[in-house]
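Engineer: Dropping a structure here in structure tokens format, bear with me for questions.
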Amino acid sequence: MHTDTERCVRAVQSKDARFDGWFFTAVLTTRIYCRPSCPVVPPKPENMVFYPSAAACQQAGFRACKRCRPDTSPGSPEWDVRADTVARAMRLIRDGVVDREGVPGLAARLGYSTRQIERQLLAELGAGPLALARAQRAQTARVLIETTALPMADVAFAAGFSSVRAFNETVREVFALAPGELRARAAGTRGAPAAPSPGVIALRLPYRTPLNPSNLFGHLAATAVPGVEEWRDGAYRRTLALPYGHGIATLAPATDHIACRLHLTDLRDLAHAISRCRWLLDLDADPVAVDEQLGADPLLAPHVTSAPGRRVPRTVDAAEFAVRAVLGQQVSTAAARTHAGRLVTAHGTPVEDPGGGLTHLFPTPEALAALDPEALALPRSRRATLTTLVAALADGTVKLGLDSDWDDARAGLLALPGFGPWTVEIIAMRALGDPDAFLPTDLGVRRAAAGLGLPSTPAALTARAAAWRPWRAYAVQYLWATDSHPINHLPARAEEVPS
């Protein structure tokens, strides 16, 4: 979008928050870059230059605005909509792969040479993988500086910097303030950082409005696996398996953000944990674009208008969700939770939860590869499906993750015994993040379609749903929401899901 100067100027002059993260405005006279919704008086059009990323602005010598804080705007939804190489690279960079594995590691995951990846990112984003990762490190550092009382040396290494000197230089260059000045400025507006338990970070996760929390948190709470997930005191909580340790995320909906509290065993996992939480809650979606297209269907329009902003509840780990999808084949939500809870108790890694009732990490495919099929209280065919899946995930025959090619992943899953269209598409929707995944054979979708006057046979419904593309996964959320199933409602305090 940053190449459409006229459209960008209109968005800046109207302070349209819908475009935050889509592009960034750099002001030639002040050498500052802002988000489109910046509250200051808009600059003259001839003084505006537009960039596709904060990293590109920083690389061009612009500093982040201290009023609108463009480094904290929601991410571009483009990277979750697309499945090409650049989009997959951006998802991996956002997940911290460059910090942990370097540019060669990023290229290896995508199956390209380092030079090819750098060339593609520079051509589309105006910045290479190192600059993009540096921008993310700067934002992580800012979160730690402003929300914790950690010593600056600890902040530097927790944010992924290789030295305190590099940390100081980057913070000064990006924010035009020294780290100590950033902390003092935050203390002046919000009070001094609290001193929470070691390893605990409290932060706000921004998103584009509107956001309807009912199906998002309701789905996560209703399907929560005992020991791994719970709904407690108005918040969804779950354990996280992270590169350097483990963590516990507590997520609660607020008016204009998601309140997030992360308990980490290693602060180097902060950026990865934030990325996982944003992905889980689909916070970088563009709800206006989704609802405009779905609302054009006269049969869907009343439901879109009455409860706009539905998101697709995702997962923090694609392999975990694939296992849970198999356990949920042709059984109730309660039965699927029971089966998953047994696997967790038998094969999950125990953790301590000082703030609730979480007990385990969900078992990895490697841990499940050695399980005894006879110990599973499942039909024989389902046992074969599960054991074949975990073996394929463990040995890399099937790859599921942010770097997955959606078509290749679908083909790999369909080649496994017991995998039909419903299982493959639910994994594509919630684990891979394909916004166009569709479930025409799902009982709830077919029942909702019949009630709305839509075709209820899979073939006819698929044909009608062509007008909803590329947002059919969001259409499924609106169809499911016509039912009174618990996944569509936030739990009442007395109905909280027990751990």
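Engineer: So, with +1 on the Cβ of K and R and -1 on the Cβ of D and E, and no other charges, what is the size of the charge dipole of the chain about its Cα centre, to the nearest 20 debye?
Structural biologist: My answer is approximately 840 debye.
Engineer: Let me ask you something else. Please compute the modelled spin-label separation between Ser381 and Arg447, points set 7 Å along Cα→Cβ, answer in nm with one decimal.
Structural biologist: 2.2 nm
Engineer: Given N residues in the chain, what is its alpha carbon radius of gyration divided by 2.2 N^0.38 Å?
Structural biologist: 0.97
Engineer: What is the gain in length, in nm to one decimal, between Leu299 and Thr265 on full extension, counting 0.36 nm per residue of separation less the C-alpha to C-alpha distance?
Structural biologist: Extending this stretch completely gives an extra 7.3 nm.
Engineer: Counting only helical runs of four or more DSSP H residues, what would the 222 nm mean residue ellipticity of the chain come to if each run contributes -39,500 (n - 2.57) and the total is spread over all its residues?
Structural biologist: Dividing the helical sum by the residues of the chain leaves -13500 deg cm²/dmol.
Engineer: Further question: Between the alpha-carbon centers of segment 5-51 and segment 335-376, tell me the distance in whole angstrom.
Structural biologist: Result: 49 Å between the Cα centres.
Engineer: Toward the positive end of the charge dipole of the chain, about the Cα centre and with charges on Cβ (Lys, Arg +1; Asp, Glu -1), which of Ser404, Ala450, Pro43 goes farthest?
Structural biologist: Pro43
Engineer: If we restrict to alpha carbons, what Rg and Dmax does segment 5-71 come to, in Å?
Structural biologist: 10.1, 27
Engineer: In nm, give the distance between the simple-model label positions of Thr255 and Arg464, each being 7 Å from the Cα along the Cα-to-Cβ direction.
Structural biologist: In this crude label model, Thr255 to Arg464 measures out at 4.0 nm.
Engineer: Residue separation times 0.36 nm, minus the C-alpha to C-alpha distance between Asp84 and Glu169: what's the value?
Structural biologist: Gain on extension, Asp84 to Glu169, equals 27.2 nm.
Engineer: 7 Å from Cα along Cα→Cβ at both Lys15 and Leu28: what's the point-to-point distance in nm?
Structural biologist: Placing both labels 7 Å along Cα→Cβ, they lie 2.6 nm apart.
Engineer: Further question on the same structure: Can you find, among Pro213, Gln139, Leu361, the residue farthest towards the positive end of the dipole of the chain? Put +1 on the C-beta of Lys and Arg, -1 on that of Asp and Glu.
Structural biologist: Gln139
Engineer: Pop out the ³J(HN,Hα) list for segment 327-338 in order, Karplus 6.51 cos²θ - 1.76 cosθ + 1.60 with θ = phi - 60°, rounded to Hz; leave Gly and Pro as x.
Structural biologist: Working through the residues one at a time gives 5, x, 5, 6, 9, 6, 4, 5, 5, 4, 4, 5 Hz.
Engineer: Same structure again: Any aspartates and glutamates with Cα under 19 Å of the Lys66 Cα? List them, leaving off those in the same chain fewer than 8 positions away.
Structural biologist: Asp16, Asp20, Glu146, Glu169, Glu173, Glu181
A short reminder: the numbers here are calculations on the coordinates, not readings from a lab. For clarity, every value in this text was computed on a predicted model and none was experimentally measured. Ideal geometry is used to build each Cβ from the backbone, glycine not excepted, and the neighbour counts take in all protein chains shown.
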